[in-house]
1. Provide a single number: the residues in region 164-184 that are among the small types (Gly, Ala, Ser) and touching a residue at least 60 places away in the same chain (Cβ under 8 Å).
2. Hey, could you check region 1-41 for residues that are in contact (Cβ under 8 Å) with a residue 60 or more places away in the chain and acidic (Asp, Glu) and say which is farthest from Tyr265 (Cα to Cα)?
3. Counting only residues that are within 19 Å of Ile179 (Cα to Cα) and among the acidic types (Asp, Glu), how many does region 22-73 have?
4. Based on what the data block shows, is Gln253 at pLDDT below 95, polar (S, T, N, Q) and in contact with a Gly (Cβ under 9 Å, 6 or more places away or on another chain)?
5. Is it the case that Leu77 is of a type outside the set (Gly, Ala, Ser), free of Cβ contacts under 8 Å to residues at least 60 places away in the same chain, outside any helix (DSSP H, G or I) and surrounded by 20 or more Cβ atoms within 10 Å (Cβ to Cβ)?
6. List the number of the failed condition for Trp117; all other conditions in (1) of a type outside the set (Ser, Thr, Tyr); (2) more than 15 Å from the chain's Cα centre (by Cα); (3) within 24 Å of Tyr265 (Cβ to Cβ); (4) modelled with pLDDT of 95 or more hold.
7. Between Phe10, Phe23, which is part of a loop (DSSP other than H, G, I, E, B) and in contact with a Phe, Trp or Tyr (Cβ under 8 Å, 6 or more places away or on another chain)?
8. Name the residue that is modelled with the lowest pLDDT, counting only residues in region 264-282 that are among the polar types (S, T, N, Q) and over 15 Å from Asp252 (Cα atoms).
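The values are calculated or read from the model by the stated rules, or taken from the named source; none is laboratory data. Source: prediction; values computed, not measured. Reconstructed Cβ throughout: ideal geometry from the backbone, glycine too, with neighbour counts over all protein chains shown.
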Amino acid sequence: MKFGLQINRFDWAGAPITIGPKFAEIARTAEVAGFDSLWVMDHYYQIEPGLGSKEDPMLEAYSALNFAAAVTERVRLGVMVTGVVYRHPGFLIKQVSTLDVLSGGRANLGIGAAWYWQEAQGLGFPFPSTGERFEQLEEVLQIAKQVWAGDFSSYEGKHFKLEAPINSPQPITKPHPPILIGGEGEKKTLRLVAQYGDACNLFARNGVEGAIKKLEVLRNHCETLGRDYEEIEKTVLGPFDLSSNGASEAVDQIGQFAEIGIQHYITSFPNVSEIEPIERFGSEVRAQI
C-alpha cells in the first residue's frame, strides 16, 4: 500500500505570511514520514460548505506544487484533481510537464470534469453543462496522450483546436506523468479511466462495499475496451482525524481497503499544520500496514 497526503486548507495561524514556511514544513515532514505522494486541490475558493469559507486562503495548485518540488526530493506531486474548465489543454500540458522536469520526474496529472460551479461563476470561468465538460475532459486526455507520445501534429476536436502542440521540454517521467482520473461516475468517468487513465480515485466515504461496486464497473469497462484492469492503480481519498483512538481506526480502515485491491490511500488531516498528525501517521499507521 502506498500513501498520499492531500493538503486541502491553508488557513493557518499567521496566514498569509506563514503559508510558505508552513507548507514547506508540511511537505518535508510528509516525505520523512514515508508518504509516497503529496496532493493539493484545484480550487481558487475554499470549498463551502465542507472545508471552510470561500474567503479562506487557497493557493493556485501548480504554483504550490512547483514550490513543494523545491523543498522535497522523493514524493510524487499531483493535483487532486485538476478541473478541466480552468486551463486550456495546451497550458495544462505545459504546466504538468514543467512540474515533472523541475521535480526530477515526480509529477502526476490528476484531472476531472470539475463541479464547483459557484467558484467558476464567481471568477468568470466558463462552466458548461455536465455533458460538455466530460466531452472536454476526453479531448484533454486525448491531447495529453498524443503530445506526451511525441506527436506534435495538429489536433482538432469539438471543443479544442491546437495547430502545433509543441511541448519542449517533454516530461522526464516515461512514458508520461501518470494520469489519475478522479470521480466515481459509472457511465462516463470510469469508462474514461479504463480508456485513458493510469489510476482511478474513489471516495473512502462510500465505504469498502461502495468501492467494490465501482471497481467491478471499472473492470467491466476494461473488458469492453480491451484494457488490462491490472494496469490501473486503484486509489481512494479519505480524511483521518488521528486524535484519541484515530490511529487504530485508520489502520483498520486502510487494511479493509487493501484487502479489496486498493493500492494507494490518499488522506488529509484537519489539523495538518500542527505537523504531529503527519508524524503519527508515519509512526503509528504506516508502520502497521
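1. Residues in region 164-184 being among the small types (Gly, Ala, Ser) and touching a residue at least 60 places away in the same chain (Cβ under 8 Å): 2 in total.
2. Here the answer is Glu25.
3. Number of matching residues: 2.
4. no
5. Yes; evaluated as a whole, the condition is true for this residue.
6. Failing condition for Trp117: (3).
7. Result of the check over Phe10, Phe23: Phe10.
8. Asn271
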